[in-house]
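Everything below concerns the one structure shown next.
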Amino acid sequence: MLLDLSGKKALVTGIANNRSIAWGIARQLHLAGAKLGITYLPDEKGRFEAKVRELTAPLNPGLFLPMDVQNPEQMQSVFQQLERQWGQLDILVHCLAFANKADLVGDFTNTTAQGFRTALEISSHSLTSLCRLAKPLFSQGASVITLTYLGAERAVPNYNVMGLAKAALEASVRYLAAELGPEKQVRVNAISAGPIRTLASSAVGGILDMIHHVEERAPLRRTVTQQEVGNTAAFLASPLASGISGQVLYVDGGYCIMGF
Ligand code: NDP
């Protein structure tokens, strides 16, 4: 097999349900032979845990742990368990984001300082925190992958504060790539996906209009699937992408190249 991840250990964050982009990524990594560790966002009643556990069971995750990126102890505990069980990490998938709903509709000037902090803490700074904790565990040639969107560089209606969070995330990718590359050839990249219907995207006002717009204008006349994003993640995680670091790769049917 050209794309072979057998024996590689991959931590995948951000699976909420079967529409999650992280679910598409986890499946493609599994198909390529990677061993998976899965984290989920815990809630008081344990409903998310049950849902994600059932969904991911066929992929036989070797680790299945709660992790809220606003909870430093929980994050630390994930990496302590990972170290005990795996000793090293080859692939880290950061596939999570959050902003208050009120900050994802209407006038951008209404963005509050609190809303700004929340969006940037969860959606951007969490990548840096995960990389700091993973740093001693990264294997030679390890790969870090995060998910971004065109709203980082263009004013997309309603994307508002999340556009700022994604811009910070893309800058983080470059700084992390610069720091983590020299010693162990660790690569850090972002995939900029076209709009896909998921739990998170349904919080963005007018997501269906965004999808229709892409279907009308993208060179491929369609948006993309979770599986297509997963395939690109598997490529980036593999030695086939050994020369690529610090980049934003567009998996959007070509939409971002169009002038109007
Ligand atoms: P999902 O809602 O399926 O995934 C978002 C994930 O983030 C969920 O699992 C959510 O958990 C998790 N999350 C939110 N807050 C926290 C937190 N504090 N700690 C840990 N996890 C948290 O949506 P997507 O698959 O769409 O989103 C995945 C990534 O892809 C995001 O970065 C998103 O911005 C990006 N993206 C999405 C696009 C789209 O059109 N869908 C396009 C381009 C990029 P829970 O649901 O349990 O709250």
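The values are calculated or read from the model by the stated rules, or taken from the named source; none is laboratory data. Because the structure is predicted, anything quoted here is derived from the model rather than measured. Every residue, glycine among them, receives a Cβ derived from its backbone with ideal geometry; neighbour counts consider all protein chains shown. Ligands, DNA and RNA are excluded from the accessible area calculation, which covers all protein heavy atoms including side chains. Shrake-Rupley method; radii C 1.70, N 1.55, O 1.52, S 1.80 Å.
When the chain is treated as a Gaussian network with alpha carbon springs shorter than 10 Å, the biggest mean-square fluctuation among Ala134, Ala97, Ala50 belongs to Ala50.
Per residue, the average separation of C-alpha pairs within less than 8 Å and at least 6 apart gives the stretch 9-254 a relative contact order of 21 percent. Over the stretch 1-93, Cα pairs under 8 Å with separation of 6+ residues give a relative contact order of 33 percent. The label-point distance for Gln74 and Lys101, in a model that sets each label 7 Å from Cα toward Cβ, rounds to 2.1 nm. Heavy-atom surface analysis with a 1.4 Å probe gives the stretch 9-254 a carbon and sulfur content of 52 percent of its accessible area. Taking the Cα centroid of the stretch 144-183 and of the stretch 40-79, what is the distance between the two, rounded to the nearest whole Å? So the two Cα centres are separated by 24 Å.
For the stretch 234-250, 3J(HN,Hα) computed residue by residue from phi via the Karplus equation (6.51, -1.76, 1.60; θ = phi - 60°) reads 4, 4, 5, 6, 9, x, 4, 9, 4, x, 10, 8, x, 9, 10, 9, 8 Hz, glycine and proline entered as x. Taking amide H as placed 1.01 Å from N in the peptide plane, the amide H of Leu65 sits under 5 Å from that of Ile38, Thr39, Tyr40, each at least 5 places away or on another chain.
The GluC sites (Glu not before Pro) of the stretch 5-99 meeting both criteria, a DSSP state outside H, G, I, E and B (loop) and at most 10 other C-beta atoms within 10 angstrom of the site's C-beta, are Glu44. In the chain, excluding the sites themselves, the longest stretch lacking any of the trypsin sites (Lys or Arg not before Pro) that are in a DSSP loop with at most 10 other Cβ atoms within 10 Å is 46-153. The count of lysine pairs in the chain that are at least 8 places apart or cross chains, and whose C-alpha atoms lie under 21 Å apart, stands at 11. Ordered from highest to lowest accessible area with the whole protein assembly present and a 1.4 Å probe, Asp68, Asp4 read as Asp4, Asp68. With θ taken as phi - 60° and the Karplus curve 6.51 cos²θ - 1.76 cosθ + 1.60 applied, the whole-hertz 3J(HN,Hα) list for the stretch 87-99 is x, 7, 9, 9, 9, 10, 10, 9, 9, 9, 6, 7, 9 Hz, x standing for glycine and proline.
Adding -39500 (n - 2.57) for every DSSP H run of four residues or longer, then dividing by how many residues the chain holds, sets the calculated 222 nm ellipticity at -12000 deg cm²/dmol. Amide H contacts under 5 Å for Ala193: Thr148, Val251, restricted to partners 5 or more places along the chain or on a different chain, H placed in the peptide plane at 1.01 Å from N.
As a length-normalised measure over Cα pairs under 8 Å and 6 or more apart, the relative contact order of the stretch 129-260 settles at 30 percent. If you plug the beta carbon distance of Arg174 and Gln88 into 1/(1 + (r/R0)^6) with R0 = 22 Å, you get a FRET efficiency near 0.35. Name the shape class, rounded, prolate or oblate, that the alpha-carbon gyration tensor gives for the stretch 9-254, where a ≥ b ≥ c are the square roots of its eigenvalues, rounded holds for a/c under 1.5, and otherwise prolate holds if a/b is larger than b/c and oblate otherwise. Verdict is rounded for the stretch 9-254.
Taking every protein chain into account, the accessible area of the chain amounts to 47 square angstrom per residue (probe 1.4 Å).
Could you pull out which residues in the stretch 151-185 have an amide N less than 17 Å from a spot 7 Å beyond the Cα of Thr109, following the Cα-Cβ vector? Under 17 Å, as judged by backbone N against the label point of Thr109, lie 158, 160-161 of the stretch 151-185.
Shape analysis of the stretch 121-260 places it in the prolate category; the axes a ≥ b ≥ c from the Cα gyration tensor give an a/c of at least 1.5, with a/b above b/c.
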